[in-house]
Amino acid sequence: MPNPKLTVVTLGVRNVPASVLFYEKLGFTRKFRATGDEIAFFDAGGVVLALWDWKKLADDAAEAEEPRPQTFRGTTLAWNCATAEEVDAAFAQAIAVGARLLRKPDKTEYGGYRGYFSDPDGHCWEVVQAPGFAFTDDGRLILPD
């Protein structure tokens, strides 16, 4: 049996070029441009973040494209940081490039620190410092045993 791995997260977006600009300003590096502007791929530190037209992604997944959710979708994307100061800096950068503030960074019940924003298409991001998590030299998250 194959060992499952999360390798790509694809977000359906209304306007691929506008979303590309948002994620580039957020600091993600775009790679693999063989598809032109149809689909955008970003290096996300061990996983790929892809942006694709909402309707085309829904069609590809054989799902209805409407109605589009206007509330919480049951999923968040996380940007883990080593310190509360890094959380504040990353959060400020996101807001500065057009993210919508959902929750200002503050302390968690478990001793961490987090805030939430959404991208222009409403995809929810958590910027978080969680106690017990470490990072490799290139910034990849190491989960404790």
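The values are calculated or read from the model by the stated rules, or taken from the named source; none is laboratory data. All figures in this text were calculated on a predicted structure; none of them were measured in a lab. Methodologically, a virtual Cβ is constructed for each residue, glycine included, from the backbone with ideal geometry; neighbour enumeration extends over all protein chains shown. These area figures cover heavy atoms from the full protein model, side chains too; ligands, DNA and RNA do not enter into them. Shrake-Rupley method; radii C 1.70, N 1.55, O 1.52, S 1.80 Å.
Taking amide H positions as placed 1.01 Å from N in the peptide plane, with prolines and chain starts having none, which residues 5 or more places from residue 135, or on another chain, fall under 5 Å of its amide H?
Residues meeting the criterion, in which the H sits 1.01 Å from N, are 142.
Along the Cα-to-Cβ line of residue 93, 7 Å from the Cα, sits a label point; which residues in the stretch 5-37 have backbone N less than 18 Å from it?
Counting backbone N atoms under 18 Å from the label point, the list is 19-31.
So what is the relative contact order for the chain, in percent, with contacts set as C-alpha pairs under 8 Å and at least six apart?
With pairs under 8 Å counted, the relative contact order is 20 percent.
For the stretch 30-102, what does the alpha-carbon gyration tensor say about shape, rounded, prolate or oblate, given a ≥ b ≥ c as the root eigenvalues, a/c under 1.5 as rounded, and a/b over b/c as prolate?
Note, shape of the stretch 30-102 comes out oblate.
Pairs of Cα atoms under 8 Å, at least six residues apart: use those to get the relative contact order of the stretch 93-145, whole percent.
Taking the mean separation of contacting Cα pairs over the length of the stretch 93-145, I get 24 percent.
For the chain, what does -39500 (n - 2.57) per DSSP helix run (n ≥ 4), summed and divided by total residues, give at 222 nm, in deg cm²/dmol to the nearest 500?
Calculated mean residue ellipticity at 222 nm is -6500 deg cm²/dmol.
Mind listing the long-range amide H neighbours of residue 11? Cut-off is under 5 Å, sequence gap 5 or more, other chains count too, H placed in the peptide plane at 1.01 Å from N.
The list, which skips near neighbours in sequence, is 50, 51, 52.
Enumerate the residues in the stretch 114-145 having an amide nitrogen under 18 Å from the point lying 7 Å beyond the Cα of residue 44 toward its Cβ.
Under 18 Å, as judged by backbone N against the label point of residue 44, lie 115-129, 139-143 of the stretch 114-145.
Looking only at the chain, where both bridge partners belong to it, what percent of the DSSP beta bridges are antiparallel (to the nearest 5)?
Around 70 percent antiparallel, to the nearest 5.
5 Å is the cut-off here: which amide hydrogens, built 1.01 Å from N in the peptide plane, fall below it relative to residue 78, excluding neighbours closer than 5 in sequence?
126
With the other protein chains left in place, how much accessible area per residue, in square angstrom, belongs to the chain at a 1.4 angstrom probe?
63
Compare the Cα positions of 92, 76, 142 along the charge dipole of the stretch 41-145 (+1 at Cβ of Lys, Arg; -1 at Cβ of Asp, Glu; about the Cα centre) and return the one farthest towards the positive end.
92
Where does each of 137, 43 land when they are ordered by accessible area, with a 1.4 Å probe and the largest first?
Largest accessible area first, the residues go 137, 43.
Just need the Rg to Rh number for the chain, please, alpha carbons only, Kirkwood Rh.
0.97
Could you please state, rounded to a whole Å, how far the C-alpha centre of the stretch 77-145 is from the C-alpha centre of the stretch 1-43?
Here the two parts' Cα centres lie 19 Å apart.
Roughly speaking, to the nearest percent, how much of the stretch 3-118's 1.4 Å accessible area is carbon and sulfur?
54
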